[in-house]
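Right, one structure below, let's go through it.
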Amino acid sequence: MKGVILAAGKGERLKPLTDDRPKVLLKVANKAIIEYVLDNLYPFVDEFIIIVRYQKEKLIEFLGDEYNGKPITYVEQTEGEGTARAIYSAKEYIEGESFLAVNGDIYFEREAVKALLHAFRKADAALLVKEFEDLSHFGKIEVEGEYVKEIKEKPGNIGGYANLGIYLFKPDVFEFIEKTPLSKRGEYEITDTINLMIKAGRKVAYAVYDGYWNDIGRPWDLLNLNEYILKNHLKHEIRGIVEEGATIIPPVEIGEGTVVKSGAYIVGPVKIGKNCKIGPNCFIRPYTSIGNHCHIGNAVEIKNSIIMDHSNAPHLNYVGDSIIGENTNLGAGTITANLRHDNKTIKVEVKGKLEDSERRKLGAIIGHNVKVGINVSIYPGRKIGSNSFVGPGVIVDKNIPSNSLVIVKQQKEIHER
């Protein structure tokens, strides 16, 4: 069986983290999102077909032509937007056999695929569902017995089964994709294709999944997933050097070449990559992942955050519930605020609209290649775009677009004594 992974999207809602890369390459717990997808499909498929478009060269360079010995074929998405057109792109590579089709920006575990394979035995197609109390952001799956009766798009704040973006199809799905009309969103939706199949008398089964699942569409989804992985899948392993006087409370994973200096206090679950410099005299709190080649220095506190490769919080910083992109440096005294005084949940601007993160604590979302000056204060839920420079003393109370220069202008008279 082949596994078709849909990885052509831009990830607009995850900007600025996706300014220069497809969202499936964003790292959570120091591992790219698409690697989790590949790992969990691995036992069930012989070959991966990855549908690409946005920043495709970076994805191809990152993964290469195989994953742990199983070949990868890259196919550019055919003309037209939407999941149906993405799946249709793989048509010539599916040779009369059933295949898995999976959104590349979701997290699931192997039990999901096992359940789907079981449901598929008596059907022409199958999809994975999960029960939610609020389906405002999902398609509602109406079922009758063992089969799907209809998929309704975003029915509002009601409960029921939601579509999780993991499917099993027979090759005749391509005939129905060819008949699928444009949706109201201007896309060709695979859910509309499935509705056509049902109307034509095809049996579409469903499997109920009770495990962990995450649709990674907003920045805070990365933090939620990071916490889940560190809590449930981290193994205590020290491959680097821990100096005398440092305190490590398991589970903590420390990569090769990393040095944890005296006075560092690390409370797991925490994951630290390779060739990092940690300390002296810093405090790293639970649910923090720190990438490769990072520096967390003196009098720095990191809590429940993602620090990506080649980034630094070198001295006198507090980073709480935040995401720091690659190759970013925080000046001395830079602080991320992560809590409102009124204790309300924190809203974040996403594609020009405020969205409720439903998190009481959420700090900064900082892109890649950002330089932040000394004594910068960042309000909760604010974004700093990639390739920006934030000068000393700036109070970041509004989002800063990518490629920006932000400075505080101060005019003072200087008198000789």
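Scanning region 57-88 for residues that are touching a residue at least 40 places away in the same chain (Cβ under 8 Å) and assigned to a helix (DSSP H, G or I), we see that the one that is farthest from Lys10 (Cα to Cα) is Tyr88. Quick one: would you say Lys371 is open to solvent by 50 Å² or more (accessible area, probe 1.4 Å) and modelled with pLDDT of 95 or more? So Lys371 passes the test. Before we move on, is Glu146 open to solvent by 10 Å² or more (accessible area, probe 1.4 Å), closer than 24 Å to Trp213 by Cβ, of a type in the set (Asp, Glu) and in contact (Cβ under 8 Å) with a residue 40 or more places away in the chain? Considered against the rule, which asks whether it is open to solvent by 10 Å² or more (accessible area, probe 1.4 Å), closer than 24 Å to Trp213 by Cβ, of a type in the set (Asp, Glu) and in contact (Cβ under 8 Å) with a residue 40 or more places away in the chain, Glu146 comes out as yes.
Can you confirm whether region 212-230 contains a residue that is aliphatic (A, V, I, L, M), more than 21 Å from Gly367 (Cα to Cα) and in a helix (DSSP H, G or I)? Yes - at least one qualifying residue is present in region 212-230. Only one entry in Ile248, Ile266 is crowded, with 22+ Cβ neighbours inside 10 Å, free of Cβ contacts under 8 Å to residues at least 40 places away in the same chain, out of contact with any helix residue (DSSP H, G or I) (no Cβ under 8 Å at 6 or more places or on another chain) and not in a loop (DSSP other than H, G, I, E, B), namely Ile266. Scan region 269-300 for residues that are within 17 Å of Ile238 (Cβ to Cβ) and in a strand (DSSP E or B) and the total you get is 10. Would you pick out the residues in region 185-227 that are in contact with a strand residue (DSSP E or B) (Cβ under 8 Å, 6 or more places away or on another chain) and without any contact (Cβ under 8 Å) to a residue 40 or more places away in the chain? Answer for region 185-227, where residues must be in contact with a strand residue (DSSP E or B) (Cβ under 8 Å, 6 or more places away or on another chain) and without any contact (Cβ under 8 Å) to a residue 40 or more places away in the chain: Asp221, Asn224. The set of residues in region 108-117 being open to solvent by 10 Å² or more (accessible area, probe 1.4 Å) and either in a loop (DSSP other than H, G, I, E, B) or among the small types (Gly, Ala, Ser) (or both) consists of Glu109, Ala115.
The residue that is farthest from the chain's Cα centre (by Cα), counting only those in region 327-363 that are among the aliphatic types (A, V, I, L, M) and farther than 20 Å from Val408 by Cα, is Leu339.
Condition check ((1) farther than 30 Å from Asp321 by Cβ; (2) modelled with pLDDT of 95 or more; (3) not polar (S, T, N, Q)) across all residues:
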residue	(1), (2), (3)
Thr18	no, yes, no
Lys31	no, yes, yes
Ile34	no, yes, yes
Val37	no, yes, yes
Tyr42	yes, yes, yes
Phe62	no, yes, yes
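Yes/no matrix, rows are residues, columns are (1) within 17 Å of Ile365 (Cβ to Cβ); (2) touching a residue at least 60 places away in the same chain (Cβ under 8 Å); (3) out of contact with any Leu (no Cβ under 6 Å at 6 or more places or on another chain); (4) open to solvent by less than 10 Å² (accessible area, probe 1.4 Å):
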{"site": "Lys274", "(1), (2), (3), (4)": "no, no, yes, no"}
{"site": "Asn281", "(1), (2), (3), (4)": "no, no, yes, no"}
{"site": "Pro286", "(1), (2), (3), (4)": "no, no, yes, no"}
{"site": "Asp321", "(1), (2), (3), (4)": "yes, yes, no, yes"}
{"site": "Ile324", "(1), (2), (3), (4)": "yes, no, yes, yes"}
{"site": "Asn327", "(1), (2), (3), (4)": "yes, no, yes, no"}
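Go through region 168-211 and give me each residue that's part of a helix (DSSP H, G or I), of a type outside the set (A, V, I, L, M, F, W, C) and open to solvent by less than 60 Å² (accessible area, probe 1.4 Å). Across region 168-211, the qualifying residues are Thr191, Asp192, Thr193, Asn195.
Every listed requirement among (1) over 21 Å from Leu196 (Cβ atoms); (2) open to solvent by less than 10 Å² (accessible area, probe 1.4 Å) is met by Asp105 save one, (2).
One residue alone among Gly145, Gly160, Gly165, Gly156 is at pLDDT below 95 and under 24 Å from the mean Cα position of the chain (by Cα), and that residue is Gly165. Residue count for region 64-82 satisfying the condition of being in contact with a helix residue (DSSP H, G or I) (Cβ under 9 Å, 6 or more places away or on another chain) and either open to solvent by less than 40 Å² (accessible area, probe 1.4 Å) or under 16 Å from Val45 (Cβ atoms) (or both): 10. Looking at (1) surrounded by fewer than 22 Cβ atoms within 10 Å (Cβ to Cβ); (2) modelled with pLDDT of 95 or more; (3) assigned to a loop (DSSP other than H, G, I, E, B); (4) over 18 Å from the mean Cα position of the chain (by Cα), which is the one condition that is false for Pro380? For Pro380, the exception is condition (1).
Restricting region 118-135 to residues that are part of a loop (DSSP other than H, G, I, E, B) and more than 22 Å from the chain's Cα centre (by Cα) leaves a set whose member that is surrounded by the most Cβ atoms within 10 Å (Cβ to Cβ) is Asp124. Does any residue of region 30-48 turn out to be in a strand (DSSP E or B) and in contact with a Lys or Arg (Cβ under 8 Å, 6 or more places away or on another chain)? Yes.
Tell me whether region 89-100 contains one or more residues that are open to solvent by 40 Å² or more (accessible area, probe 1.4 Å), at pLDDT 95 or above, not aliphatic (A, V, I, L, M) and not in a helix (DSSP H, G or I).
Within region 89-100 (the criterion being open to solvent by 40 Å² or more (accessible area, probe 1.4 Å), at pLDDT 95 or above, not aliphatic (A, V, I, L, M) and not in a helix (DSSP H, G or I)), the answer is no, since none of the residues qualifies.
The values are calculated or read from the model by the stated rules, or taken from the named source; none is laboratory data. These figures come from a predicted structure and were not determined experimentally. FYI the Cβ positions are ideal-geometry reconstructions off the backbone, even for glycines, and counts take in every protein chain you see. These accessible areas exclude ligands, DNA and RNA; they are computed on the full protein's heavy atoms, side chains included. Shrake-Rupley method; radii C 1.70, N 1.55, O 1.52, S 1.80 Å.
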